[in-house]
Structure formats: C-alpha cells, structure tokens
Amino acid sequence: MVHRDVISVTSRAQKVKVEPGAGTLLWILQRLSSYGLLLFLPIHLYFTYFTKLDTPALTYNGMRETFSAFPLWYVLNEGLLLICALFHGLNGFRNVIYDWTTNSAVRHTVNFLLIVLGIAGAILGFWTLWALA
C-alpha cells in the first residue's frame, strides 16, 4: 500500500491508503457504460415511441405488441440498457461519495449499499422483461 496526500472537498489534504491500479477497472467500465447508454438509449426510444404498430406504445399491451414484433432485439437492447444505466448511475454516485469523503468505513458502507441496490434493480428490471415475454 502506498500513502498519498489526497486533496478533496475537505479543508486539508489527508493521508489515504491507495493500492496501485485501484479504480482503473471501474474507470474503464464507467466510460464503456456511457458508450452503451449512447447506443442503447436511442434504440429504446425508437422502440418505445416511434414503432408504428396498431396499439399505443405507452400501454402495457402496446409494449407487449412491440416486444412480440421484435423479441430478440427488444430483450437484448433493454437488458443491455438496464445494465449500462444501473452501473453508470450507481458508479457515478459512488465516485461522488469517494470525492466527498476519505473515511474508509463510509466508503465500504456506500459500496455495500450500492451493490445491493444494483442487484435489486437488475432483478426488478429483468423480472419486468421476463413478464413481457
């Protein structure tokens, strides 16, 4: 472990234990998830608002009809959009907390809570996709 002076929003620099390479994977995944959002969100909006089917797109029956018309593309796009959005949002919130505090107990608690929230969000999202099938 290396001790580095880290300047954050606190009034003075603090000694923080930093492992070499720590955070690099999350940084790369944050960038990749942003590209995923740029790709999957317009497709989601197209399926939701612009597919010309007989029923309105913003009702449960309309969404089921869209799903039945494009089953593979719909599930693939919505599932990947869900994963990218959850990761990007929760990791961004984690980064804000890490900038705000250097207390390791707070950071560990936030990590745990965000992992639980992410798993719960993924379960609910995929459960909803399953209900459309």
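Charge tally around residue 95: other residues with Cβ under 13 Å, Lys/Arg +1 each, Asp/Glu -1 each, net +2.
Counting beta carbons within 10 Å around each of 102, 59 and listing the fewest first gives the order 59, 102. When the alpha-carbon atoms of region 41-133 are used, the pair Rg, Dmax equals 17.1, 56 angstrom. By the count of neighbouring beta-carbon atoms within 10 Å, fewest first, 98, 46 end up ordered 46, 98.
A short reminder: the numbers here are calculations on the coordinates, not readings from a lab. For clarity, every value in this text was computed on a predicted model and none was experimentally measured. Positions of Cβ are backbone-derived with ideal geometry, glycine not excepted, and every protein chain shown enters the neighbour counts.
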